[in-house]
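J.: I have a structure I would like to understand better, so I am pasting it below and will then ask my questions one at a time.
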Ligand code: CXF
Ligand code: ZN
């Protein structure tokens, strides 16, 4: 079938809206008409070839929409169902059986290469191959060819389906990072580094966990203000001075939890230095270089029982966690819609620029 897609043709370059052909769904595949798709930093990481997906490609991995067709073996959804698309996973490895599919043994091959595991792509243009299947979806398009493993059926009644897509990546990463990976305990203290969509979803997660002290470290004033409105108890502008000292002025014994979204080595170091005894630091930020490393004073690390954990997708099991987040949203406890600004898909380049300049927190593109 003919679809419209925002195609990536070269690194750092604009997306171009083009006609693309989509193959019929294979046995376990699902065709979804996209109502809206979030723009995540990881899409730009792939566009710029830090994730080396062959170009041209259709990126996009925070889609939501309506099932239009299903492959012969699909039992999970049917045409007409409303779905959020998440990351793909195999469903059979040890971590998938532990309900930790974001640590699936095959996560890289199922999400990054722009192809099915057999190397084929369901997208083409005039007979020329186009990489698809990015995070099991490639949803910067009117339609996505997903796998039944990565479609989550949701009850969207009374909600705007077009803005639910970021629950499948950025928002579940932030909320899940605090609610599941760190599992912050009531009355605890947490510092969240970075007030983008992941960091602000983490603020909402910390409120849900009943953390007593919620500190957001973020240079953009409007994002600090948003954090305060969402329930942060303190905000810190890192341009104002030593961040670790500012955190210890609020929590002299150090924080129970840190949640780092920037990936920058100096921010990770500041977060580690702000941890209290037996503190736990979660890392979700993609580092700027493949060889980014962190020097750690091992004696201090052991003495204070510090812990660091890498986190993918907030340890989410999307089939369970996305409906849970939607239920919290209906109760007014997860107001992620406040972070979203919508743009027509045809204005994707303007959306990228606006999000990059801090003019919006989470852009959602409407095909
Ligand atoms: C990504 C972040 C980088 C590692 C893989 C998962 N999540 C989506 O943006
Ligand atoms: Zn993402």
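The values are calculated or read from the model by the stated rules, or taken from the named source; none is laboratory data. A quick note: this is a predicted structure, and the numbers were derived from the prediction, not measured. Ideal geometry is used to build each Cβ from the backbone, glycine not excepted, and the neighbour counts take in all protein chains shown.
J.: Scan segment 140-147 and tell me whether some residue there is part of a helix (DSSP H, G or I), within 15 Å of ligand 2 (Cβ to nearest atom), under 18 Å from the mean Cα position of the chain (by Cα) and crowded, with 19+ Cβ neighbours inside 10 Å.
T.: no
J.: Now a separate question. Can you name the residue in segment 293-316 that is closer than 19 Å to residue 265 by Cβ and within 16 Å of ligand 2 (Cβ to nearest atom) and is also nearest to the chain's Cα centre (by Cα) among such residues?
T.: The residue in question is 311.
J.: Based on this model, can you work out whether residue 195 counts as part of a loop (DSSP other than H, G, I, E, B), away from ligand 1 (no atom under 16 Å from the Cβ), crowded, with 19+ Cβ neighbours inside 10 Å and within 18 Å of the chain's Cα centre (by Cα)?
T.: yes
J.: Still on this structure, please answer the following. So for segment 322-330 (the condition being surrounded by 14 or more Cβ atoms within 10 Å (Cβ to Cβ), within 16 Å of ligand 2 (Cβ to nearest atom), under 17 Å from the mean Cα position of the chain (by Cα) and assigned to a helix (DSSP H, G or I)), does at least one residue qualify?
T.: yes
J.: Give the residues of segment 1-51 that are within 14 Å of ligand 1 (Cβ to nearest atom) and either surrounded by fewer than 17 Cβ atoms within 10 Å (Cβ to Cβ) or part of a loop (DSSP other than H, G, I, E, B) (or both), sorted by residue number.
T.: 39, 40, 45, 48, 50, 51, listed by residue number.
J.: Continuing with the same structure: Can you tell me which residue in segment 68-124 is surrounded by the fewest Cβ atoms within 10 Å (Cβ to Cβ), limited to those that are assigned to a helix (DSSP H, G or I), in contact with a helix residue (DSSP H, G or I) (Cβ under 6 Å, 6 or more places away or on another chain) and in contact (Cβ under 8 Å) with a residue 60 or more places away in the chain?
T.: That would be 103.
J.: Among the residues of segment 96-134, write down those that are within 14 Å of ligand 1 (Cβ to nearest atom) and farther than 19 Å from residue 26 by Cα.
T.: Passing the criteria: 100, 101, 102, 103, 104, 106, 107, 108, 112.
J.: Looking at 77, 20, 84, which is the one that is within 15 Å of ligand 2 (Cβ to nearest atom) and at pLDDT 95 or above?
T.: 84
J.: Then there is this: Hand me the list of strands (runs of 3 or more DSSP E) wholly inside segment 203-273 holding 2 or more residues that are within 21 Å of the chain's Cα centre (by Cα).
T.: 213-217, 255-260
J.: Collect the residues in segment 182-213 that are within 16 Å of ligand 2 (Cβ to nearest atom) and touching a helix residue (DSSP H, G or I) at 6+ places or on another chain (Cβ under 6 Å), keeping them in residue-number order.
T.: 197, 198, 200, 201, 202
J.: Could you please let me know if residue 137 is within 16 Å of ligand 1 (Cβ to nearest atom), more than 25 Å from residue 357 (Cα to Cα) and surrounded by 20 or more Cβ atoms within 10 Å (Cβ to Cβ)?
T.: yes
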